[in-house]
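See structure below.
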Amino acid sequence: MADKIFENNQVSIVGEIVSDFRFSHEVYGEGFYVVDVSVNRLSNIMDYIPVMISERLIDVEGDYMGQYLAVSGQFRSFNRHEEKKNRLVLSVFAREVEFVDGPEENVKSNQIFLDGFICKEPIYRKTPLGREIADLLIAVNRSYGKSDYIPCICWGRNARFASNFDVGGHVQVWGRIQSREYVKKLSEEETEKRVAYEVSVSKVEFLEE
């Protein structure tokens with residue numbers, strides 16, 4: 001069962017460590033820490049992806065700034081309660097990590113596969129330049145009855161196709177994880193710069209049950 005659950009959420013990234021380790025939480029005496037990894041897109045824009053790593057996989061006291069890390073694991077979410085409401089927090093949960101010399105040529109340094117269910121009506125829109133976009137929220141089952149809720153963004157033909165998906169529909173998506181800065185309005189005078197994480201979809205399939 002665990003293998004089956006692992007297969008529906010697969011991530012592999014290779015990138016440069018650009019932060020120190022920050023303590024996240026502890027489970028049965030095992031500490032988990034978050035570190036930021038920068039991954040280069042083909043367009044030479046950087047995505048900054050938070051990676052959650054167990055202290056049993058790596059010495060979290062070490063200074064690894066500037067080193068390259070290959071990570072395989074899953075894209076996970078949890079709800080953090082703040083400002084009187086829940087905020088979806090996403091990170092790559094590392095199952096295996098390895099220090100490497102850098103990204104290999106002709107090998108994708110950022111890829112993800114998800115097999116899950118549409119849990120919110122797709123939002124279809126066009127940019128001012130006429131580019132078609134569809135936002136999806138996909139629930140991916142974990143073991144022990146939990147699910148991860150992963151925002152996904154489709155473009156062009158994929159966006160048109162995805163705009164017709166029904167809530168509860170079974171889908172598979174392939175793509176990459178991207179980070180995006182935005183400004184959150186906290187009050188009339190106060191704003192805060194934040195980072196959103198989502199899957200940029202390169203391929204999507206709707207599975208007929």
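The values are calculated or read from the model by the stated rules, or taken from the named source; none is laboratory data. Quick caveat, the model's predicted, so the values are computed rather than measured. A quick note on method: Cβ atoms are made from the backbone with ideal geometry, for glycine too, and the neighbour counts reach across all protein chains shown.
One residue is enough: does the stretch 172-182 have a residue meeting the conditions under 22 Å from Gln74 (Cβ atoms), in contact with a helix residue (DSSP H, G or I) (Cβ under 9 Å, 6 or more places away or on another chain), among the basic types (Lys, Arg) and in contact (Cβ under 8 Å) with a residue 12 or more places away in the chain? No - not one qualifying residue is present in the stretch 172-182.
Take Gly73 and tell me if it is surrounded by 15 or more Cβ atoms within 10 Å (Cβ to Cβ), of a type outside the set (Phe, Trp, Tyr) and outside the structural domain of Asn8 (by TED's automatic domain parsing).
On the way: surrounded by 15 or more Cβ atoms within 10 Å (Cβ to Cβ): yes; of a type outside the set (Phe, Trp, Tyr): yes; outside the structural domain of Asn8 (by TED's automatic domain parsing): no.
When the stated conditions are applied, Gly73 does not pass them.
Being in contact with an Asp or Glu (Cβ under 8 Å, 6 or more places away or on another chain), within 21 Å of Ser202 (Cα to Cα) and not hydrophobic (A, V, I, L, M, F, W, C) is a property that holds for Gln74.
Only one entry of Val89, Val39, Val35 meets the criterion of being in a strand (DSSP E or B), in contact (Cβ under 8 Å) with a residue 40 or more places away in the chain and either assigned by TED's automatic domain parsing to the domain that holds Arg180 or not hydroxyl-bearing (Ser, Thr, Tyr) (or both), and that entry is Val39. When restricted to residues that are under 15 Å from the mean Cα position of the chain (by Cα), over 18 Å from Ala139 (Cβ atoms) and of a type in the set (A, V, I, L, M, F, W, C), the stretch 151-195 contains 1. When Phe117, Phe113, Phe75 are checked against the criterion of being in a strand (DSSP E or B) and without any contact (Cβ under 8 Å) to a residue 60 or more places away in the chain, a single residue qualifies: Phe117.
Hey, could you check the stretch 52-72 for residues that are part of a loop (DSSP other than H, G, I, E, B) and β-branched (Val, Ile, Thr) and say which is nearest to Ser24 (Cα to Cα)? Here the residue is Val60. In this entry, Val51 passes the filter for residues that are closer than 21 Å to Asp101 by Cα and hydrophobic (A, V, I, L, M, F, W, C).
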